[in-house]
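Right, one structure below, let's go through it.
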Amino acid sequence: MQRLQKKTVLVTGASAGIGRSTALALGAEGAHVVLAARRRERLEAVAAEMPSAEIVELDVRDYARCDELFGERTFDIVVANAGIGLGLESIQEGNPSNWAQMIETNVNGLLHIVRSTLPKMLERGSGDQVVLGSVAGFQVYPGGNVYCATKHAARAVYEAMRIDAGGKGIRFITINPGMVETEFSIVRFGGDEEKARDIYAGMTPLRPEDVADAVLYAVTRPARVNVGEMVLWPTDQTSTSMVHRKA
């Protein structure tokens with residue numbers, strides 16, 4: 001029996017990578033999935049693989065748009081996955097424009113999704129809020145500076161929700177992966193695919209479906225169980241700055 005039948009799910013950043021894999025995994029368990037991202041053609045391709053889905057063009061940095069789309073809807077599960085990393089410069093050489101884009105997307109965008117979806121969950125007294133974090137929210141690595149700061153902030157938002165809205169039937173979950181092979185590094189390096197491939201040279205990273213599987217596990221536990229925090233490391237990665245590579 002499909003475990004998420006009759007459930008309505010929102011996944012942001014659903015056009016690729018972890019968001020896409022998460023949407024497919026939840027949809028395969030019977031959920032109706034609202035796929036939200038900026039790239040409509042990518043969303044259409046994901047929706048075509050699913051039994052029940054709808055697409056929403058959305059930039060999570062736009063709170064008014066988030067509230068317009070979701071403020072009056074009730075979701076059983078919200079997966080706040082949209083995020084971005086840009087550059088690996090030292091903080092003293094960093095690009096303030098990149099900093100602003102990461103903060104607007106990874107912090108403000110997360111807050112916009114929480115603010116537009118959590119009140120209806122609280123009215124009903126049930127639901128899952130899932131924050132896609134990172135091991136960068138626990139440890140800072142060279143060149144990670146502002147990206148790591150945004151993931152520390154995402155972890156703080158998760159903890160704040162547990163305190164501010166706890167005890168009202170909502171489960172709060174954060175999934176924190178290490179290195180995952182997606183478009184993330186290609187975007188981080190401005191489209192330089194060779195440089196992005198070098199990040200994973202000689203080691204085996206996580207795959208997006210590994211993270212999706214963790215999300216699925218957390219949201220399909222009995223209502224009495226809140227899997228609060230999960231950290232996923234590739235076996236070859238032992239910290240944010242230590243990766244064991246084959247010669």
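Could you please let me know if Ala53 is loosely packed, with under 14 Cβ neighbours inside 10 Å and either on the phi < 0 side of the Ramachandran plot or modelled with pLDDT of 95 or more (or both)? Steps first, please.
Details: loosely packed, with under 14 Cβ neighbours inside 10 Å: no; either on the phi < 0 side of the Ramachandran plot or modelled with pLDDT of 95 or more (or both): yes.
Judged against the criteria, Ala53 is not a match.
What tally of residues in the range 95-104 results from selecting those that are in a loop (DSSP other than H, G, I, E, B) and among the acidic types (Asp, Glu)?
0
Out of all the residues in the range 117-147, which are free of Cβ contacts under 8 Å to residues at least 60 places away in the same chain and more than 22 Å from Asn226 (Cβ to Cβ)?
Start the filter on the range 117-147 by keeping residues that are free of Cβ contacts under 8 Å to residues at least 60 places away in the same chain, which leaves 118-125, 127, 129, 131, 133-134, 137, 143, 145-146.
Across the range 117-147, the qualifying residues are Gly143, Asn145, Val146.
Output the residues belonging to the range 117-150 that are over 17 Å from the mean Cα position of the chain (by Cα), farther than 21 Å from Glu68 by Cα and not in a loop (DSSP other than H, G, I, E, B).
Asn145, Val146, listed by residue number.
Pull up the range 126-158, narrow it to residues that are polar (S, T, N, Q) and out of contact with any Lys or Arg (no Cβ under 9 Å at 6 or more places or on another chain), then point me to the one that is nearest to Val114 (Cα to Cα). Can you show your working first?
At the first step, the residues of the range 126-158 found to be polar (S, T, N, Q) are 126, 129, 134, 139, 145, 150.
Going one step further and asking which of them are out of contact with any Lys or Arg (no Cβ under 9 Å at 6 or more places or on another chain), we end up with 139, 145, 150.
Details: Gln139: 24, Asn145: 25, Thr150: 16 Å.
The qualifying residue nearest to Val114 (Cα to Cα) is Thr150.
Looking at Val79, Val107, Val114, can you tell me which residue is in a strand (DSSP E or B), of a type in the set (A, V, I, L, M) and either closer than 11 Å to Leu10 by Cβ or at pLDDT 95 or above (or both)?
Only one candidate passes the filter, namely Val79.
From the list Val215, Val225, which residue is within 30 Å of Asp76 (Cα to Cα), touching a helix residue (DSSP H, G or I) at 6+ places or on another chain (Cβ under 7 Å) and at pLDDT 95 or above?
Of Val215, Val225, the one residue that is within 30 Å of Asp76 (Cα to Cα), touching a helix residue (DSSP H, G or I) at 6+ places or on another chain (Cβ under 7 Å) and at pLDDT 95 or above is Val215.
Which of the helices (runs of 4 or more DSSP H) contained wholly in the range 160-247 include at least 2 residues that are crowded, with 18+ Cβ neighbours inside 10 Å, in contact (Cβ under 8 Å) with a residue 40 or more places away in the chain and not hydroxyl-bearing (Ser, Thr, Tyr)?
Because the criterion is at least 2 residues that are crowded, with 18+ Cβ neighbours inside 10 Å, in contact (Cβ under 8 Å) with a residue 40 or more places away in the chain and not hydroxyl-bearing (Ser, Thr, Tyr), the helices (runs of 4 or more DSSP H) in the range 160-247 that meet it are 184-188, 208-219.
Among the listed residues Ala214, Ala153, which satisfies the condition of being under 30 Å from Lys6 (Cα atoms), of a type in the set (A, V, I, L, M, F, W, C) and within 16 Å of the chain's Cα centre (by Cα)?
So the residue among Ala214, Ala153 that is under 30 Å from Lys6 (Cα atoms), of a type in the set (A, V, I, L, M, F, W, C) and within 16 Å of the chain's Cα centre (by Cα) is Ala214.
Of the numbered conditions (1) buried (at least 24 other Cβ atoms within 10 Å of the Cβ); (2) closer than 19 Å to Gly133 by Cα, Val33 fails exactly one; give the number of that condition.
Of (1) buried (at least 24 other Cβ atoms within 10 Å of the Cβ); (2) closer than 19 Å to Gly133 by Cα, only one is false for Val33: (2).
The values are calculated or read from the model by the stated rules, or taken from the named source; none is laboratory data. None of these values were measured; they are calculated from a predicted model. So basically every Cβ, Gly included, is an ideal-geometry build from the backbone, and we count neighbours across all protein chains shown.
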